[in-house]
Amino acid sequence: MSAMEISPATVRTTCPYCGVGCGVLATPDGKGGAIIKGDPDHPANYGRLCSKGSALGETLGIHERLLHPMVRCSNDQMEAVAWDDALDHVAQRLHHIIAKHGRHSVAFYLSGQLLTEDYYVANKLMKGFIGSANVDTNSRLCMSSAVAGHKRAFGSDTVPGNYRDLDEADLLVLVGSNAAWCHPILYQRMLANKQKRGAKIVVIDPRRTDTTSDADLFLGLKPGTDTALFSGLLVYLAAQGALDNGFIEDHTSGFAEALAQARRIAANIAATALATGLSEADVEKFFRLFASTEKVVTLYSQGVNQSAQGTDKVNAIINCHLAMGRIGQPGMGPFSLTGQPNAMGGREVGGLANQLAAHMNFTPPDIDRVRRFWQAPHIATHEGLKAVQMFEAIGRGEIKALWVMGTNPAVSLPNADAMRLAMQKLDLLVISDNVRSNDSVNSGAHVLLPAQAWGERSGTVTNSERRVSRQRSFMAPAGDAKPDWWIVSEIARRLGYERAFSYQSSAEIFREHCRLSAFENKGTRDFDLGAFSEITESDFDQITPALWPARADASMSERFFADGGFYTNDKRARFVVTEIPVLRGEKSAARPMLLNTGRIRDQWHTMTRTGLSPRLGQHLRFPFVEIHPRDAQMAGVTDGGFARVETDHGQCVLKVTVTDRQQPGMLFAPIHWSDETSSSARVGALVAPHTDPYSGQPENKATPANLFPCDYPQQGFVLSRERLSFPGGAWWTRVAVTGGYGYLFAAKQGVPWRAWFDDRSMGQDLADYVDAVGGVYRAASFDGDRLMSCLFVERAGRPTEWDATKDLFAEETLSADQRRLLLSGKAADATANTGPIICACFGVGRNTICDALKSGAARSHLDLGAQLKAGTNCGSCIPELRRLVAETMPDTEQAAHREMATAEN
Ligand code: SF4
C-alpha cells in the first residue's frame, strides 16, 4: 500500500514520548508552533495519537528553552558564552581531570530521549577513546531488567516478536503494566483485538489501574510476587502435560533445574495462591487460560522491571513461554514494553555500562572487534558503573566529572536527595539539554550546552518492536541549540580525536552505526542493520519505518526464535533458575506500608515538555498519593486532604486520594513532579536505592513508607505571567495555563497573602476583595488593560474553581465588564466550571461529564462520546468515563450500564 500523500509543508516524524513510537505528521503553523496529527502510514499507530502525542503542538514554545551555552564564572553566576568557548572549556576540564585522576574518573549519563546517532557518538567517545565504560542512561531505570532477562535466556537482548502479535494473540497477559495510560495506542490495539477477535485480557498488578477495566481477569497480587505466580504456572504447565517437549529438547537447556526451583517456590495452585495473596480460584483460572490458549503474548513493563528482583521476574515469564515453545510465532511470545522513545536505540548502540556496542559485550573477541572497527586507541575492557552505582561513586568522590545529556537525574533517580548532593560535589558537571532550568541544572551545573529539541533535531529512534523510524526536523533550532551528536563530536575533536569524530550529518553516523552492526556478523548477532550501511543522504531523508534485523542479504525474518537459533554458544535458550522472591525493603512498625511509584496518563517523565501543555495539566493537577480507605482511616488522612509521606530516604507532601483501587498496605505516588513544579513532591527522593543484582535496575515499586496527615486550612490559586516564589507556610504545585503559569496552593493559617501579592505587583494597578468572615481574599494586578496576575484564597475543603478566571487570564486584554467580573470567579455566561479535564483530546471536564450523566442526557461512555466527543479520539479516558458513569448513576442504572458495557466487550 502506498503512503498517503502529504503536503510539502508537512513532515513525517516520530512522537518523542513513549516506546510505542507513534508516527506523527507535523505541519508548521507559521507562528512557531505546529499542527500535529497521527501518521496513518506508520505501522505503530496507523494514524492514532494519545493525549500526550496530540498535545505536542502546545509544547514547542521557546519560553523555557536553553538558548545559549552557559558557563559558571568566578562570581558563581552562569554566563552566556560562545560555542567555541564553552566547548574549549569542557574539553580542557575533561582533559585535566582524566590526566590527574584517570579515565574512570569521568562518566556520561545519557537518556532514552536521545536519538540513536547521539547515543552512538557518546558511547563511542567514552568506550573507545576516553577508555572507560562509565556511560549509563536513564533507561537503566526503565527496562534494564528486561535486557538482563533477555540476555540470560536468549544470549542476546532480543525482543522476539512485534506489534502485529498483539493483533493476532488470543490471550494478552499484561504484567506490571498500566498500558491504558503508559502505552495507550498499543493498549487500544489490544482492545481492538478483543473487540474484533474476542482475545482475552489478563492484567496482573498489585494496583487496580485503568488497564484493568477491560480485563477478563484481574490478578491483584501482592507486590513482588510475580516470580511466584509464573513459577506456579510453570509447575502447572508441567503437571498438565502442556509442555512443548520437542521445543524444550531441541532448543533449550536447564529445564529440569528451573522446574525443580519453580516447585520449591510455588509447588501447586494452593502454594501459588498463598505466595501471591490471590484466591486459588483466580490462580487456577489464569493457569487454565494460559495452558489452553495457543496464541499468548505476555507483555511486561515497569511493574516487572523496576524491582530488585526484576530480572528474575522477566525470566520467570520467559521460562513459561519457552516451556510451551510459544515464542517468535505470530501472536505468541514474551514482549517487553519499553518506557522511553529510544530506549531500544540506546540498547542497539550499547549505551549502557554493561554493554559494549551494537549488541556486543565485554568479551575479548567483541572488544577486539569493536576496537578494530572504531580504530579505538583506548577501548574499554570491562563494564562500567550502572546508574545508581555511578552516582554513589560520585558521592564518594571517585568520579570527578559527569556529563548529563537530556535527562534529569536529580528527580528521577532513587534516593534523589542523596544523588543531588552527590552532583554538587563534582569538579565538573556538564548538562546538555533543551531547558534552561530543571532540578539537575540547579544541582550545581558548571556548564550548560543547548541541545536541539524535538521538532528541530533529525535522526532515528527505535521503538519497542525493534522498528527504526525517523525523527525529522520541521522547525529552526531555538537560539544556538545544536544536535547532541555535534556537541559530543566537537568535544571529541578537542580531546584529539578529530578523525574518528568528523561527522557532518546524522545520516553519516547512522551509516557507521549500521556498518558496525553488520561488521563480522554472519548471523552471530541478532542486531543487524547492514541493509542501510550505504544509505545515501537523500535515502536517509526518505527512509520509511523498518524493523530490524535488516540484513544486507535480506535473509532474516521479522521475528526471532520460532525455530530456536538463540544467541548462546550452543544456540539453545536457557531456562533460568530464579531466586525465591523476597522484597528487599521490609515493612516495620515505623514504616508499615510499601510505596509504589509510577506514571500518570497525561504527563511524561519530569514534565519538562508535557508540563508546558495547558491541556495536559488539567487532568491530574496535583501531585498525589493513593491510599486504601482502611489505611487512610488508620493514618487519619482524608480524601482531598494532604499527607506527608515519609521513607528512610526522604519525605514529600502530597494530596491524598482515598481509593479501593489501591490494596491495603500499599501507597502509590506518581513520579513526575520536581522541585521546579511543586514545593514538596519530588517522589524520587522517597525511593530506596535497592537494585537488581543482574540489571542494576532500582526497586521503584516497594519502598517501606509511612504517612501522616498535614493540615492546611487555606487553599487557593494564583495565575501569573512570571514564575513565582511562594511565602513560607504555603505548599504549591504549578500547572501550565494559557498565557503564563498557574499555581494551586494550600497554606497554613497566617500566611500574609495581601502583603505578598502587593510586593510582587509593585507598580501595577491593584484590585482586591476581602471577606474576612468567610476567609476569602481575592486580588488582581493589571498593566493597563492586561491582567498580570491574580490571587484567590479561601478556606480549604472545596474543589478549586478557576476555569472562568483562567479563561480571562488567557485574554490579551480585559474589557471593563470582564474586569468587573474577574474577582467574582464566575463566567460571564454563568456556564459551569468544567472541572479537571478527563478527555484531554477534546478538553472535556469532569463537571461537564457528570452534569450530562446526572441530567440523564447520557447513560454510558458511548453516549458521552456521541454528545461531548469525550473518549472518541485516543480512548485513554474511556476507563475513567466508565468509572464516572458507575459513580454518578443510581444503582439500578449502574446494573443496566454494566450489562451494556459487557455487551460492548
Ligand atoms: S502512545 Fe502516545 S506517548 Fe506513546 S508514542 Fe504514541 S502518541 Fe506518543
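Has segment 472-487 got at least one residue that is under 30 Å from residue 166 (Cα atoms) and among the small types (Gly, Ala, Ser)? Explain how you work it out, then say what you get.
Initial filter on segment 472-487 (under 30 Å from residue 166 (Cα atoms)): 472.
In the following step, the residues that additionally are among the small types (Gly, Ala, Ser) were identified as none.
No, because not a single residue in segment 472-487 is under 30 Å from residue 166 (Cα atoms) and among the small types (Gly, Ala, Ser).
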Problem set entry | Per-region count, segment 277-308, residues modelled with pLDDT under 95 and over 21 Å from residue 187 (Cα atoms) | 2
Exercise. (1) of a type in the set (Lys, Arg); (2) within 16 Å of the ligand (Cβ to nearest atom); (3) part of a helix (DSSP H, G or I): which one isn't true of residue 100, the others all being true?
Worked result: (2)
Problem set entry | Filter result (within 18 Å of residue 735 (Cα to Cα) and charged (D, E, K, R)) within segment 789-839 | 801, 803, 806, 807, 811
Exercise. Can you tell me which residues in segment 544-568 are more than 27 Å from the chain's Cα centre (by Cα) and farther than 22 Å from residue 145 by Cα?
Worked result: 550, 551, 552, 553, 554, 555, 556, 557, 562, 563, 564, 565
Exercise. Which numbered condition trips up residue 115, out of (1) within 16 Å of the ligand (Cβ to nearest atom); (2) more than 20 Å from residue 461 (Cα to Cα)?
Worked result: (2)
Exercise. Within the bounds of segment 592-612, is there any residue that is surrounded by fewer than 19 Cβ atoms within 10 Å (Cβ to Cβ), outside any loop (DSSP other than H, G, I, E, B) and without any contact (Cβ under 8 Å) to a residue 60 or more places away in the chain?
Worked result: no
Exercise. Which of the strands (runs of 3 or more DSSP E) contained wholly in segment 697-797 include at least 3 residues that are free of Cβ contacts under 8 Å to residues at least 40 places away in the same chain?
Worked result: 740-747, 765-771, 776-783
Exercise. If you check every pair at least six apart or on different chains, which have Cβ atoms under 9 Å apart with a residue in segment 665-681 that is within 9 Å of residue 627 (Cα to Cα) first and a residue that is surrounded by fewer than 24 Cβ atoms within 10 Å (Cβ to Cβ) and of a type in the set (Asp, Glu) second?
Worked result: 665/631; 666/626; 666/631; 667/626; 667/631; 668/626
Problem set entry | Which numbered condition residue 518 misses (of (1) within 30 Å of residue 646 (Cβ to Cβ); (2) buried (at least 20 other Cβ atoms within 10 Å of the Cβ); (3) at pLDDT 95 or above) | (1)
For this session: List the number of the failed condition for residue 863; all other conditions in (1) outside any strand (DSSP E or B); (2) more than 16 Å from the ligand (Cβ to nearest atom); (3) in contact (Cβ under 8 Å) with a residue 12 or more places away in the chain; (4) crowded, with 16+ Cβ neighbours inside 10 Å hold.
Result: (3)
Exercise. Considering only segment 447-469, how many residues are within 12 Å of the ligand (Cβ to nearest atom) and surrounded by fewer than 24 Cβ atoms within 10 Å (Cβ to Cβ)?
Worked result: 1
Problem set entry | Residue in segment 328-336 that is under 30 Å from residue 237 (Cβ atoms), at pLDDT 95 or above and within 16 Å of the ligand (Cβ to nearest atom) present | yes
Exercise. Which ones in segment 387-405 are under 22 Å from the mean Cα position of the chain (by Cα) and buried (at least 24 other Cβ atoms within 10 Å of the Cβ)?
Worked result: 387, 390, 391, 403, 404, 405
Seminar exercise, completed: Turns out the strands (runs of 3 or more DSSP E) fully within segment 1-87 with at least 2 residues that are within 15 Å of the ligand (Cβ to nearest atom) are 11-14, 23-28, 34-38
Problem set entry | Test for residue 852: is it at pLDDT 85 or above and either basic (Lys, Arg) or buried (at least 19 other Cβ atoms within 10 Å of the Cβ) (or both) | yes
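Pick out the one residue from 623, 664 that is in contact with a Lys or Arg (Cβ under 8 Å, 6 or more places away or on another chain) and either crowded, with 20+ Cβ neighbours inside 10 Å or at pLDDT below 95 (or both).
Working: 664 fails: either crowded, with 20+ Cβ neighbours inside 10 Å or at pLDDT below 95 (or both).
Among 623, 664, only 623 is in contact with a Lys or Arg (Cβ under 8 Å, 6 or more places away or on another chain) and either crowded, with 20+ Cβ neighbours inside 10 Å or at pLDDT below 95 (or both).
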For this session: Starting from segment 869-887, take each residue that is in contact (Cβ under 8 Å) with a residue 40 or more places away in the chain and assigned to a helix (DSSP H, G or I) and list its partners that are within 16 Å of the ligand (Cβ to nearest atom) and among the polar types (S, T, N, Q), counting only C-beta distances under 8 angstrom and pairs at least six apart or across chains.
Result: 879/211
Seminar exercise, completed: In segment 356-390, residues that are in contact (Cβ under 8 Å) with a residue 40 or more places away in the chain, on the phi < 0 side of the Ramachandran plot and not aliphatic (A, V, I, L, M) total 12
Seminar exercise, completed: For helices (runs of 4 or more DSSP H) lying entirely in segment 273-342, having 1 or more residues that are β-branched (Val, Ile, Thr), more than 30 Å from the chain's Cα centre (by Cα) and crowded, with 24+ Cβ neighbours inside 10 Å picks out 280-292
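The values are calculated or read from the model by the stated rules, or taken from the named source; none is laboratory data. The model shown is predicted, which means the values in this text are computed figures rather than measured ones. Here the Cβ is made from the backbone with ideal geometry for all residues, glycine too, and neighbour counts use every protein chain on show.
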